[in-house]
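Notes for the one structure printed next.
Computed from the coordinates by the stated procedures, all read-outs in this text should not be read as laboratory data. Not measured: the values here are computed from a predicted model. Glycine also receives a Cβ, built like all others from the backbone with ideal geometry; neighbour counts cover every protein chain displayed.
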Amino acid sequence: MSHFTEKEQEYLASGLLGRLATVGADGTPHIAPVGMAAYNPRLDTLDISGHDLPSTKKFRDIRITGRAAFVVDDLASVVPWRPRGIEVRGRAEAIEEPVPLLRLFPERIVAWGIDGDSFERNSRSIR
């Protein structure tokens, strides 16, 4: 069984841009836009790919710290104001072969406006 609701899985597959947050070895936070995050139902993870990924700071940060957070959000409508999004925090892996990717294993999921009321937050820890 997935830690993500069916609607959260659909939202993650919508093709919206997301942002990936990492922390460097010196503790400095880093956030970068990413466009290719896919829900992996076999592992119940988010798999993030990108151009020349192994040469990026986010790849190096994850290799060093093994931690990351990912957020996707948008506006379902402006009138009425309906923000929606999902944040996923957890353990992460930097994988080089066979295809470079960053794999995020959810430990905390916070979603809003996806399963209904845009002001209702669905927050849960996974462990």
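What value, in deg cm²/dmol to 500, does the helix sum -39500 (n - 2.57) over DSSP H runs of n ≥ 4 give at 222 nm once divided by the residues of the chain?
-3500 deg cm²/dmol
Along the charge dipole of the stretch 6-114, which of ALA111, VAL23, ALA76 sits closest to the positive end, that is, farthest toward it, with unit charges on the beta carbon of Lys, Arg, Asp and Glu (+1, +1, -1, -1)?
VAL23
Which is farthest toward the positive dipole end of the stretch 1-96 among ILE48, THR65, SER14, measuring Cα position about the Cα centre, with Cβ charges +1 (Lys, Arg) and -1 (Asp, Glu)?
Looking along the dipole axis, the top candidate is THR65.
In a GNM of the chain with a 10 Å cut-off on Cα contacts, which of ALA68, ALA94, ALA32 has the highest mean-square fluctuation?
Highest fluctuation of the listed residues: ALA32.
Exposed loop sites here are chymotrypsin sites (Phe, Trp or Tyr not before Pro) in DSSP loop states with at most 15 other C-beta atoms within 10 Å. What is the longest stretch of the chain lacking them?
Numbers: sites that count: TRP81, PHE119.
Here the longest segment lacking exposed loop sites spans 1-80.
Translational diffusion coefficient of the stretch 1-116 at 10 °C, 1.306 mPa s, Stokes-Einstein with Kirkwood Rh over Cα pairs, in µm²/s as a whole number.
It diffuses with D of about 109 µm²/s by this estimate.
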